[in-house]
Each structure stands twice: as structure tokens, then as C-alpha cells.
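K.L.:
One structure follows; several queries about it will come next.
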Amino acid sequence: MRVSTSNHVPKAHTPFQWARQETAAELDPKHRFLRDACRSAGVEFSWNDPRDSFIEAVLSAATTASVMIGRHGGAARASTRGASTSRADTLGGGVRRGRVDASWFAHREADTREPLPWDHIETGVTKSYLRGQWQDVLSNQTVPDCHHGSCNVCGMQSFDTLRGGEGRRGLRREAGQDD
Ligand code: SF4
């Protein structure tokens with residue numbers, strides 16, 4: 001038997017896009033604990049090096065933001081006042097004396113009102129729905145699976161309307177895959 005774990009890397013267009021990645025100092029003892037527990041149970045254990053996951057998180061969150069910093073760096077450096085929702089303020093948190101603080105992108109919990117690097121990509125699922133799901137995560141609420149229950153109104157109803165059906169469930173029914 002083998003147990004594998006992955007470190008959290010914020011994923012675009014999911015409720016966990018706002019979640020922080022734990023630092024190597026936080027993850028290392030957890031990995032050691034699991035490794036020792038698995039070893040004593042005769043189970044193989046594998047994990048990702050937190051330093052590799054850190055690079056993934058920075059690349060995921062910072063690539064587009066870095067471009068934005070290049071374009072708006074002057075404004076970002078000039079303004080960190082006022083509401084924390086402006087692009088200048090958001091990016092200003094990642095800029096220190098004109099240099100990018102990579103850990104800022106990976107290890108902080110993002111404000112759900114901040115613009116995100118991938119906001120311009122339209123998936124059909126609304127950001128307000130994802131915000132609600134993130135709040136459910138923080139308050140340990142279980143969200144019913146729409147595959148087996150009622151629609152959670154994620155935003156894809158527009159797609160449902162266009163199809164004149166029930167979105168994914170309609171597609172699955174058409175394909176004879178409904179359960
Ligand atoms: S049934 Fe469709 S529209 Fe409703 S929550 Fe599920 S995927 Fe979204």
C-alpha cells in the first residue's frame with residue numbers, strides 16, 4: 001500500500017483560489033509525522049517537496065500579476081492607501097522597493113474582493129458562487145453535490161438555458177450517462 005500527498009497550490013476558478021499555501025516550515029513537520037506514521041504501519045508514503053510546490057504556487061498566482069506590476073508598478077508603489085480592493089493596492093502588497101516578494105503570492109490568504117490574474121477568463125461559473133463556496137469551506141459547511149441533488153446555481157444555468165436543458169446533467173442525460 002502507498003499513500004501519496006500533495007501540497008496545496010491555489011487553483012484558478014475554484015473556491016481554493018483564495019487559500020494560502022503553507023510554508024515549508026509548516027509543511028515539513030506534517031510530512032515527517034505522516035512519513036513516520038506510515039513507516040510504522042508498513043505503508044509507503046510519498047510527498048511533494050514544499051519548495052517545489054512553492055514555485056508552482058508563485059508561477060500560478062504571480063505570472064499574470066507580474067505583467068500587471070510591470071504595467072502598473074508605478075501606481076502600485078505609489079499607492080497602498082484606501083480600500084484594499086484596488087489593483088494598485090493588491091499589487092502593491094507584492095512589491096517591495098520595486099522588487100517582487102514571491103512568498104507574498106504563495107503564502108497569504110487572498111481577499112476575495114481582489115482581482116485575480118485569471119479573472120478575464122470566462123468559465124461560466126460566477127465568482128460570487130465561488131466566494132460563497134469559500135465561505136462554506138471556512139465555516140465547515142458541506143455543499144451538496146449537484147450531480148445527485150438540486151442545482152446549486154453556480155452560474156452555468158446560462159449554459160443550461162442556451163442548451164434548453166439542464167447543463168451538465170442535461171448533457172449526461174443526452175449521452176445516456178445519467179444516473
Ligand atoms: S446543475 Fe449545472 S448549473 Fe446547477 S450547480 Fe450543477 S453545474 Fe451548476
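The values are calculated or read from the model by the stated rules, or taken from the named source; none is laboratory data. Quick caveat: nothing in here was measured; it's all calculated off a predicted structure. With ideal geometry, Cβ positions are generated from the backbone for all residues, glycine too; neighbour counts draw on all protein chains shown.
K.L.:
Which residue is surrounded by the most Cβ atoms within 10 Å (Cβ to Cβ), if the candidates are limited to the range 1-34 and must be over 14 Å from E109 (Cβ atoms) and polar (S, T, N, Q)?
P.N.:
Once the filter is applied, the top-ranked residue is N7.
K.L.:
In addition: Residues in the range 1-43 that are within 30 Å of R113 (Cβ to Cβ) and part of a loop (DSSP other than H, G, I, E, B): how many?
P.N.:
Of the residues in that region, 14 qualify.
K.L.:
Name the residue, out of E174, E166, that is more than 10 Å from the ligand (Cβ to nearest atom), at pLDDT below 85, surrounded by 10 or more Cβ atoms within 10 Å (Cβ to Cβ) and over 12 Å from G124 (Cβ atoms).
P.N.:
E174
K.L.:
Are there any pairs with C-beta distances below 8 angstrom linking a residue in the range 42-59 that is within 25 Å of A12 (Cα to Cα) to a residue that is aromatic (F, W, Y) and in a helix (DSSP H, G or I), with the two at least 6 apart or on different chains, and if so which?
P.N.:
A57/F105; V58/F105
K.L.:
OK, next. Given the structure, is P117 surrounded by 11 or more Cβ atoms within 10 Å (Cβ to Cβ) and at pLDDT below 90?
P.N.:
Against the criterion (surrounded by 11 or more Cβ atoms within 10 Å (Cβ to Cβ) and at pLDDT below 90), P117 qualifies.
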